[in-house]
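A short reminder: the numbers here are calculations on the coordinates, not readings from a lab. Just so we're clear, the structure is a prediction, and the values are computed from it rather than from any experiment. Please note: Cβ atoms are built from the backbone with ideal geometry, for glycine as well, and neighbour counts cover all protein chains shown.
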Amino acid sequence: MTTIRGGCQCGGVRYEVTGDPIAAAMCFCTDCQAQSGSAFGMSLIVPKESFRLVKGATKSFTRPTESGSTVECAFCPDCGTRLFHLPAAKAERVNVKPGTLDDASHIRPMVAVWTRRKPDWVTIPEGLPQFERNPGSA
Ligand SMILES: [Zn+2]
Ligand SMILES: [Zn+2]
């Protein structure tokens, strides 16, 4: 079993993920754009039991999703780095923000969602399944 580690920018919160992720997605929805301050957000979707905090504690807030559910968004209380999301509709999963991994170079998206909000200067990797909206829940 492999273990990957990550944390926030100030180092106050650290986490690890053991085992294989379920999926990795790039998302162009307006919430991901606002959260990341960029053109898209990334999610590394892992089973809840494979994720654990190993240092510090997060704060969180809950926001509605476009599909009518909610998602709890967890961040470092000191530096504000967004670390993971807990979707109410998929309570068995944690959506880790893979940019917070110590080494995210091996994380490749398997799907692109909300492409109707994609800026036209972004090129999606060839062969990647694309969805205009989110095919599942947010
Ligand atoms: Zn921090
Ligand atoms: Zn999104």
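For Thr70, the residues whose modelled amide H falls within less than 5 Å of its own, excluding neighbours fewer than 5 places apart on the same chain, are Thr65, Ala88, Ala89. Between amide H atoms placed 1.01 Å from N, distances below 5 Å from Arg93 occur with Lys48, all of them 5 or more places distant or on a separate chain.
Provide the gained length on full extension for the span Arg116 to Phe61, in nm with one decimal, where the gain is 0.36 nm per separating residue minus the Cα-Cα distance.
Values: separation 55, 0.36 × 55 = 19.80 nm, distance 2.64 nm.
Value of the extension gain: 17.2 nm.
Other residues lying with their Cβ under 10 Å from the Cβ of Tyr15 contribute a combined charge of +3, Lys and Arg counting +1, Asp and Glu -1.
Ratio of alpha-carbon Rg to the 2.2 N^0.38 Å globular estimate for the chain, to two decimals, please.
On the way: Rg = 14.3 Å, N = 138, 2.2 N^0.38 = 14.3 Å.
After normalising by residue count via 2.2 N^0.38 Å, the value is 1.00.
Which order do Met42, Met1, Met110, Met26 fall in if you start with the one that has the fewest other Cβ atoms within 10 Å?
Values: Met42 20, Met1 6, Met110 14, Met26 24.
Lowest count first: Met1, Met110, Met42, Met26.
Charging the Cβ of each Asp and Glu at -1 and of each Lys and Arg at +1, and nothing else, the dipole of the chain about its Cα centre rounds to 220 debye.
In plain terms, the residue of His106, His85 with the fewest other Cβ atoms within 10 Å comes first and the most crowded comes last, giving His106, His85. Of the residues Phe51, Pro64, Met1, the one whose Cα sits farthest toward the positive end of the charge dipole of the range 1-128, with +1 on the Cβ of Lys and Arg and -1 on the Cβ of Asp and Glu, is Pro64. Using the Karplus relation 6.51 cos²θ - 1.76 cosθ + 1.60 with θ = phi - 60°, the per-residue 3J(HN,Hα) values for the range 9-23 come to 5, 8, x, x, 10, 10, 9, 9, 10, 10, x, 8, x, 7, 6 Hz, with x marking Gly and Pro.
Amide H contacts of Phe84: Ala74, Lys97, each under 5 Å away and 5 or more positions distant or on a separate chain (H built 1.01 Å from N in the peptide plane; Pro and chain starts excluded). About the centre of its Cα atoms, the range 1-66 shows a dipole size close to 320 debye [charges on the beta carbon of Lys, Arg (+1) and Asp, Glu (-1) only; nearest 20 debye].
Taking the Cα centre of the range 88-138 as origin and assigning +1 to Lys and Arg Cβ atoms and -1 to Asp and Glu Cβ atoms, the resulting dipole is close to 260 debye.
Residue-wise HN-Hα couplings along the range 56-72, as the Karplus relation 6.51 cos²θ - 1.76 cosθ + 1.60 with θ = phi - 60° gives them from phi, are x, 9, 9, 9, 8, 9, 10, 10, x, 10, 5, 7, x, 9, 9, 9, 8 Hz; Gly and Pro carry x.
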